[in-house]
Every structure is written in C-alpha cells, then in structure tokens.
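One structure is given below, encoded as structure tokens.
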C-alpha cells in the first residue's frame, strides 16, 4: 500500500513538472497577441505571490479594462503593492492616477518618490506642481530643476513645458534651477534599465528581462459636446503656446474643443466638455500615459 502511494505521488510530481512555467514574460506574450484574459490569468497568481512586475501589469489591466472590467479601486491596490516593493513605473503611474482623480496629497507622495529616483513623467508632473504651488508649497526654482531633468531625458512634453517656463523665469532663477538639476542628476542618474514609456500595445524592456514597462491606454472616446467638466493641460504666458499644444494633441482628444481661459498674466488651456468628472479623469489618464500633465477641472 505504501509503495502504491509513492508511485502515485511520483506520477503526480512528474505531471506537474512537465507543465510549462508561467512567467511575467508569458503574460506579455499573451497581451501582445491581444489575449488579455490569458495575460491576466498568468499575472494574477504571480502578483498574489508578490511579483512586483506582475502586480504592475495586473493593475494596468484593471486600469485599462483589458481582460477584466475597468476597476480603478483594484488597479490602485495592485499599483500600491508594486510601488511598495520599489517598482518605479508603478510609483509614477499610481501617483499620476491619484493626482488626476483628485487625491492630490496621495498623488504627490508617490510622484515625489518616483521623481527622486529620476522617473521622467514624475519629474514633469511633480515639477509642474512645485512651480504652480499645486498641492505643495510653491518652489519655482526646484520645479524648474525637475522639469529640466525630465526634458534632458527626452520627454517631449517636458521639453515643451521647459520652453514655457523659460519665458516665466529670470535668468538667475534658470541658472540656479539648472545647477540644481545637474547636481541631482549626478547623484541620482536617470533610470537606465527601462526606456521612457511609449504608447504601444506593450512596451517591453529588451535590455534585460522583457518586463512590461507600460501598457498603453486607449485613445479617449469621442463624447457628446455637453457637460461641465474639462481637462486642463497647462498655463501659458502666451496664448500662442497654448494653441500650439492643442494643435499638437488634437488628434488624440476625441474631437473635444479647446478653451483658452485667461487667468492674470497666463492663459490656461482646457479641453472639453466632458459629461462628468470620471470621464474627464479617464481622458487625463490616457494623456498621462503619453507624458502629458493633465488634471480635471469643473468649468465655471
């Protein structure tokens, strides 16, 4: 009887060992085939065992509604698990998601962590918040320094924002900000293991382990031209700069129109209208995946 049990156990073990191991990369390959449900099925047990890359990818699936229904609460949980394990893309994406959805303090917390590690999207958004005094104590020089670091990594929206800040800062302030940026970049080099996230079905890190760096957000859907919500893309010293940014992004704005709102010496670029805050926040999430800072606002 004992021998029979040993033989049965051996057969079970042999059968188990013959099954292919499911990895984060296996999920990436399923995602690339547009088999999102299979990708989620692969990533979920890995995420539950604590794999930060799997947790990040599962969070993205919930955020984008691929393989699972859109569930921002679930996305937040999985982003937090990955972020708490030091996953820099999760830290930046979580910060952006919270910031855009009205949790400014929570968003700034994670954006600062990712910015301190040199993540370009976090540098841009946190730097812009510092420059404007949005949910943080205003520090225009430090904000300029952070945006400069993002621009130096090739992030196009950061380069555009930096050009706008150049028109608002004195030469002395710009020099001080650049000195701060250079000193910080020397002590904390920008992340080199993963490229700046790009809009693609899956952006994988080919240099090391083919881990997903970002899962692209779909283009915002075309919505009826009604509603009291808009998304704000920035404040510009010259209206022409706001018009140029709108022209550049118009193809990805789902047919929404631009509103140029005067505010003192600057012109705010707002896009809309959107029927509710959630729809506006979803549009911001799509733009943030491309590196464009954005947040929902109620039209006045």
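Summary table
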read-out: Positions within the stretch 76-104 being surrounded by fewer than 24 Cβ atoms within 10 Å (Cβ to Cβ) and at pLDDT 90 or above, in sequence order; value: 76, 77, 80, 81, 84, 85, 86, 87, 88
read-out: Residue identified as within 27 Å of residue 128 (Cβ to Cβ) and free of Cβ contacts under 8 Å to residues at least 12 places away in the same chain among 102, 106, 65; value: 106
read-out: Residues (surrounded by fewer than 22 Cβ atoms within 10 Å (Cβ to Cβ) and either in a helix (DSSP H, G or I) or modelled with pLDDT of 90 or more (or both)) located in the stretch 139-161; value: 139, 140, 141, 142, 152, 156, 159, 160
read-out: Residue count for the stretch 98-117, restricted to those that are touching a helix residue (DSSP H, G or I) at 6+ places or on another chain (Cβ under 7 Å) and part of a loop (DSSP other than H, G, I, E, B); value: 2
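The values are calculated or read from the model by the stated rules, or taken from the named source; none is laboratory data. Everything quoted here is computed from the prediction, not taken from an experiment. Heads up, the Cβs are rebuilt from the backbone with ideal geometry, glycines too, and the neighbour counts pull from every protein chain shown.
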